[in-house]
Structure formats: structure tokens, C-alpha cells
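Here the structure comes first, spelled out in C-alpha cells, and everything after it is commentary.
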Amino acid sequence: GLMGQIGIHYLFDDKDGGQKGDQPELATIENPLLYKLRIQSERVEAYGKLGYVFSKSKYTSMGLQVSGVYHDQDSYFGYNNYDALEKSLYANYIYQSIIKNTFHKFKTGLSFMYDSYDERLNSTDFNRVERVPGAFFEYTYAPTNNFTLVAGIRGDYHNIFDPFVTPRLHIRWASSETLVYRLLAGSGQRTANI
């Protein structure tokens, strides 16, 4: 009943673009150089998953997912320089089971997200560190193959934005093999990057 998986992904990407060559006859005081750009990125991603299915209760299982990212980018776009370094870690523990029968399922667990961003646009720094521990609960009601209701709620504590709650509701009804109705509602929170 125990299963695990690990993976590593590495990327080095070096892109040059813009107008070709040096053409001094096109240079003027208003346009002294041709438009050029360069994006050089190095990225390492690693993940691990570990899951266990309880032998005496085949519908009960638990799992742990962990992933990390290191992303370093140096770039310029015309006269604008943009450099960024991102370090991220995500961990998620999930426990799932049924309530009496398989029509009623639930998932619950804990999560933690860490993001460190060091961004520089020309001479301005945009640096921040986010730490977000959280907990969640999700209930699924699926009495037939044609109808599914998923209701969930999660609570997180964000070190910059303080605590917040994000509910969600998803209803799916297939009235025939070719027609499906869906109703989705919920909220979420994201932090924008440059």
C-alpha cells in the first residue's frame, strides 16, 4: 500500500532577439540603437510524493507531496533590465476517506507554501518573502455517474495579507452523453509578480 515518486527537472535557456545586426545608418539621436533583448534563465525543480493506502480500508489513504523550485533569470528588453531570483517550497499532506459509502467522500489536510522573490527592474527592487501555512476540507457527493457536488473550504495565514478563507463549490450534472451543465463558485488569492 506504500508508493513513492521523486523527480528532478533542470533547464538552462538562453534567448536573444530583437532587430538584427548593427545598422549605423538607421541610428539617430531619437533612436540610437536597434531594439535588442536577451533572456537567460536557469531553473531547477524537484518534487517528491509519498502515499499510503490502508489495507483494512481500501477507500482510505494519505499522502505527502513536496516540491521546490529555484529560478534565476537575467534579462534585458531594449533599455530595460530585469533580473529575478525565485526560491519556492510547497508541501501538502492529504488524508481522504469515505463516509459510510462511496457516494460520500472527503479530503482534508495541511499545506505550507514558501516563496522568496528578488526582482529588480532597472534600478528598482521588488523583493518579498511569503509564508503561508493552511488547512483544508473538501466533501464530494456523487450518487450517480451523472451528478457530482464538490464543496470545499480552506483557511490560510499569509505573513503579508494576514488570515483569509477561500470557499469553493462545484456542481456537475450530465443530462445526456453529449450535454453537461456545470456551476462553479468560489474565491482565491494570488500575489502578482512583475
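The values are calculated or read from the model by the stated rules, or taken from the named source; none is laboratory data. Quick caveat: nothing in here was measured; it's all calculated off a predicted structure. So basically every Cβ, Gly included, is an ideal-geometry build from the backbone, and we count neighbours across all protein chains shown. Surface accessibility is based on the protein's heavy atoms, side chains included, excluding ligands, DNA and RNA. Shrake-Rupley method; radii C 1.70, N 1.55, O 1.52, S 1.80 Å.
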Single residue of the range 41-82 satisfying the filter (open to solvent by less than 60 Å² (accessible area, probe 1.4 Å) and among the polar types (S, T, N, Q)) that is nearest to His104 (Cα to Cα): Thr60
Test: Arg154 is under 24 Å from Gln96 (Cα atoms), open to solvent by 70 Å² or more (accessible area, probe 1.4 Å) and either part of a strand (DSSP E or B) or in contact with a His (Cβ under 9 Å, 6 or more places away or on another chain) (or both): no
Residue count, the range 83-108 (criterion: open to solvent by less than 50 Å² (accessible area, probe 1.4 Å) and either on the phi > 0 side of the Ramachandran plot or among the charged types (D, E, K, R) (or both)): 1
Given (1) in a strand (DSSP E or B); (2) open to solvent by 70 Å² or more (accessible area, probe 1.4 Å); (3) more than 20 Å from Ser67 (Cβ to Cβ); (4) in contact (Cβ under 8 Å) with a residue 12 or more places away in the chain, index of the condition Ile194 fails: (1)
Failed condition for Asp118, given (1) open to solvent by 40 Å² or more (accessible area, probe 1.4 Å); (2) touching a His at 6+ places or on another chain (Cβ under 8 Å): (2)
Some residue of the range 162-169 being open to solvent by less than 60 Å² (accessible area, probe 1.4 Å), acidic (Asp, Glu) and either modelled with pLDDT of 95 or more or closer than 23 Å to Val132 by Cα (or both): no
Test for Thr140: is it out of contact with any strand residue (DSSP E or B) (no Cβ under 7 Å at 6 or more places or on another chain) and either assigned to a strand (DSSP E or B) or without any contact (Cβ under 8 Å) to a residue 40 or more places away in the chain (or both): no
Residues satisfying the stated conditions in the range 2-20, i.e. open to solvent by 100 Å² or more (accessible area, probe 1.4 Å) and in a strand (DSSP E or B): Leu2, Met3, Ile6, Ile8, Tyr10, Phe12, Lys15, Asp16
